[in-house]
Protein chains: 2
Amino acid sequence: MPSAAPGGGKSSHRREAVARAALMRMCEAGDQVMGRLVEAQGAVDAFDRIRLHELPSEFVDEEMARARKQRRTFDAAKLISAWTNRLDSADPLTDLRIGEEQGGRLVVPGDVEWPTQLDDLETGQPLGLWLHGSADLRFSCLRSVGVVGARAATPYGTHVATEIAAGLSSAGWGVVSGGAYGIDGAAHRGALAGATPTVAVLACGADVCYPSGHQDLFAAIRKSGLIVSECPPGVRPTRARFLVRNRLIAALSRGTLVVEAALRSGALNTAAHALALKRHLGAVPGPITSLNSAGCHRLIRDAKATCVTSCEEMIDLVGVLGEEAAVEQGGPVVPHDVLSPNTRLVLDAVPARRGAGPATIATTAGVDLPTALSSLGSLAAAGYVERVPQGWRLRHTRNTRHSPSSSASG
Amino acid sequence: MPSAAPGGGKSSHRREAVARAALMRMCEAGDQVMGRLVEAQGAVDAFDRIRLHELPSEFVDEEMARARKQRRTFDAAKLISAWTNRLDSADPLTDLRIGEEQGGRLVVPGDVEWPTQLDDLETGQPLGLWLHGSADLRFSCLRSVGVVGARAATPYGTHVATEIAAGLSSAGWGVVSGGAYGIDGAAHRGALAGATPTVAVLACGADVCYPSGHQDLFAAIRKSGLIVSECPPGVRPTRARFLVRNRLIAALSRGTLVVEAALRSGALNTAAHALALKRHLGAVPGPITSLNSAGCHRLIRDAKATCVTSCEEMIDLVGVLGEEAAVEQGGPVVPHDVLSPNTRLVLDAVPARRGAGPATIATTAGVDLPTALSSLGSLAAAGYVERVPQGWRLRHTRNTRHSPSSSASG
């Protein structure tokens, strides 16, 4: 179950989650009309009004004016029918129950785990996100890079995606990708070799294994990272859902790296979202004889993307100068008081000098191994801990050793 | 023998050529002190004064002041001794005679064939250039691109250099390079497949075959293009001469394309000259796993070079918009009245509709085949003629056919 929203009781949060789960069944992901209705009325009221077929008249007037401007038609009754027709065949309470039974959870705006960078999507932001996996979404995306590219990748492309993603993950940068064959899969695999959680954002339900050949990969991602989707459980992918999903990869991460892309690749759609969201954009060059690099070269030529040839160069691009220096010196980039209770337990169990293995840390902290692993990934991303040959230890500042209790002000 | 300098008689031009041939024996190519002396006094007077060990006192004073500023010593007597010592073992008249016997020629500033873009080198411009080959230097470089890169090129690099150079040459763009193994050789070979003369600028005498494996290549270049050097006949290449030579490749061409370069490649030296001379700079991307592309990627990352993946993109970079359009429409970029007498004869022999082969054109024009070939290359570069399956024909303007006599205003 999602943790309580700040300022709201547990029951009000539950009402919000149920309403959003229902709305997510009623409209397609990224539905801007729904986004504007929820922004205007709140999710709970929007849900009630749709069920009663009573949209606020000023909202309907505004949508009709907007439609006229955009030279399209807007039929409020038809829209509500389409939404409610879908609701009839869905059950948000069952979604929530089944999701949780399968180890999933719905996070909604206001949750501690909600990544606030999604606000940049404005009325196109997801109504909620279904998560499968043990990592914390907000932490995992705080210092993350989208690594995307062609499904029909070349051996060069998959090699490069794996190497760069492994380097990013080892340096404490999360890798966000789409879980597809080719570059996406290589990026997730590379990231799994490092210490930082990797996040797969799917265009289908988080419980649906698409592509089917990625069952083992998704299992590995759930173990230390996250599978994320704005589609309700069981929803199958469609072409439109892939395109809508791409905005989430761009919005969740600090910047996107296109590893391989033909001139009409879907990865260029993610790149366009990254630019529209004013995120950083990098592209990996390749042989000019490879059609799979032509999209990358065009991005570089048009000065839309920076030419990136290593994970260090990508970190240069997305890193905030002072923050990188702080992490270098062992200073955490996330205040201690926003760490989750489990993460604090794990942090307190990490030794200061000699590293300890995750199993030892889990035992000391009194949590299970997956929790310890995902907390360690989050703590590494946040600059609290570092990997050493023996396992994990606290990061040291330049002059003084970092002490978790000294920064525990909250 | 060089053609007469404008405004000077044949004998005064001969004196200038002899003086410059002598000065080129006395100093190393690119000697800035010599450059300043010749700029101040003229070549003939500079030569006389050095022979008499009598440099102008104001020149010596200026050089001493300059040396003090740069914290180096300047000893005029020592310098003159060094220069005259070298003169003792050289004979400019013999240089000129032997050069011409071997089919070479010395061109000096003021000659019709002198490429005035070398003025951009200021006091670092060559005192003269020894040419071997039948093409016209000024025409060949008027619309030309420097194509440079690693000696130890990869198969990818040589493939790309060949393809792009062939494309440039077919589109009427000359290829200037350094005649070395690797990218240089591939660029010349590709250019030879096209119609436009290619120019090899050597770091040794134009009569010296270095590298020795390029004997056949140099023979082919002489036939339709040019071997160029500022070193007197017989001079062997040194590391310093390679670096000094690089400025000529950059200065002669409209822009330089780096095809493959490691991070400490000599090609980056040529690239730096191109930037210093405000020429265009392109770099070809390649696999990030190839050390031979690392220099190209750095140039692109640092926004010093444009990412270039085809000959069309290089032409976009170096072409002048109006001029390209003029050439597209068949309008020549060089006035008819500056064409050499032989080139005019060849132009008049080119048919308007159906193309004719070079041998036919040579017979009609009453010139030998090499002259016809080099003239056709120059005329193609200047936008007068174009290659068609049957051979060569006049370029047509959009609405009216180009008539050589109608533009013969001079």
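Things worth noting here:
- Distance between the modelled labels on A:Glu312 and A:Asp337, one decimal in nanometres: 3.9 nm (7 Å Cα→Cβ projection).
- Overall form of chain A: oblate. Here a/c, set by the Cα gyration tensor axes a ≥ b ≥ c, is 1.5 or more, and a/b is not larger than b/c.
- Note on the stretch B:133-319: Kirkwood radius taken over Cα pairs, Stokes-Einstein applied at 25 °C and 0.890 mPa s, translational D equal to 158 µm² s⁻¹.
- Helix B:291-301 and the longest principal axis of the C-alpha atoms of chain B enclose an angle of approximately 90°.
- Other residues whose C-beta falls under 14 angstrom from the C-beta of A:Ser378 contribute a net charge of +2, scoring Lys and Arg +1 and Asp and Glu -1.
- Close amide-amide hydrogen proximity is noted between B:Gly174 and B:Arg143, B:Ser144, B:Val145, each under 5 Å apart and 5 or more residues distant or on a separate chain (H modeled in the peptide plane; Pro and chain starts excluded).
- Here is how far apart the B:Asp316 label points are across copies: 2.5 nm, shortest first, using a point 7 Å from Cα toward Cβ.
- Ranking of B:Ser224, B:Ser89, A:Ser140, A:Ser375 by count of other Cβ atoms within 10 Å, fewest first: B:Ser89, B:Ser224, A:Ser140, A:Ser375
- ³J(HN,Hα) computed for each position of the stretch B:117-122 - Karplus, 6.51 cos²θ - 1.76 cosθ + 1.60, integer Hz, glycine/proline x: 4, 5, 4, 4, 7, 6
- Residues B:Thr238, A:Thr158, A:Thr116, sorted so that the one with the fewest Cβ neighbours within 10 Å comes first: A:Thr116, B:Thr238, A:Thr158
- Rounded, prolate or oblate (a/c below 1.5 giving rounded, otherwise prolate when a/b exceeds b/c) for the protein assembly as shown by Cα gyration tensor: prolate
- In the protein assembly as shown, helical runs assigned H by DSSP with n ≥ 4 each contribute -39500 (n - 2.57); averaged across all residues and rounded to the nearest 500, the mean residue ellipticity at 222 nm is -14500 deg cm²/dmol.
- Inter-copy label distances for A:Phe74: 7.8 nm (label point placed 7 Å from Cα along Cα→Cβ; shortest first).
- Taking Lys and Arg as +1 and Asp and Glu as -1, the other residues whose beta-carbon sits under 11 Å from that of A:Gly234 total 0.
- Near the amide H of A:Arg279, within less than 5 Å, lie no amide hydrogens of residues on another chain or at least 5 residues away, with H placed in the peptide plane.
- Magnitude of the charge dipole for the protein assembly as shown, about its Cα centre and with charges confined to Cβ atoms of Lys, Arg (+1) and Asp, Glu (-1), is about 600 debye.
- Spherically averaged projected area in nm², based on the convex hull that wraps the Cα atoms of the stretch A:10-105: 6.6
- For A:Ala303, the label point sits 7 Å beyond Cα toward Cβ; its separations from the matching points on the remaining copies run 0.6 nm, from shortest to longest.
- Interchain or long-range residues, amide H under 5 Å from B:Val385's placed H: B:Ala380, B:Arg395
- Of all chain A residues, the one whose C-beta is nearest the axis that brings A onto B, in angstrom: A:Pro285, 2
- Size of electric dipole in the stretch A:40-191: Cβ of Lys, Arg +1 and of Asp, Glu -1, about Cα centre, debye, nearest 20: 620
- Counting every other Cβ atom within 10 Å of each residue's Cβ, B:Leu394, B:Leu93 order from fewest to most as B:Leu93, B:Leu394.
- DSSP loop trypsin sites (Lys or Arg not before Pro) with at most 12 other Cβ within 10 Å: longest gap in chain B: B:73-263
- Positive-pole candidate from A:Ala261, A:Ile315, A:Leu137, dipole of chain A, charges at beta carbon: A:Ala261
- A simple rule links phi to the HN-Hα coupling: the Karplus curve 6.51 cos²θ - 1.76 cosθ + 1.60 with θ = phi - 60°, which for the stretch B:360-372 gives 4, 4, 4, 4, 4, 7, x, 10, 7, 4, x, 5, 4 Hz, with x for Gly and Pro.
- Prolate/oblate/rounded label for the stretch B:330-394 (Cα gyration tensor, a/c 1.5): oblate
- Across the stretch A:270-278, coupling constants 3J(HN,Hα) worked out from phi with the 6.51/-1.76/1.60 Karplus curve, θ = phi - 60°, read 4, 4, 5, 4, 4, 5, 4, 8, 6 Hz, and Gly and Pro carry x.
- Averaged over the residues of peptide B:286-295, the number of Cβ atoms from other protein chains lying within 10 Å of each residue's Cβ is 5.
- 15 Å beta-carbon shell around A:Arg245, net charge (K/R +1, D/E -1): +1
Since every read-out is calculated from the coordinates, none of them should be taken as a lab result. As the structure is a computational prediction, the values presented were derived from the model and not from experiment. Cβ atoms come from the backbone with ideal geometry, glycine included; neighbour counts cover every protein chain shown.
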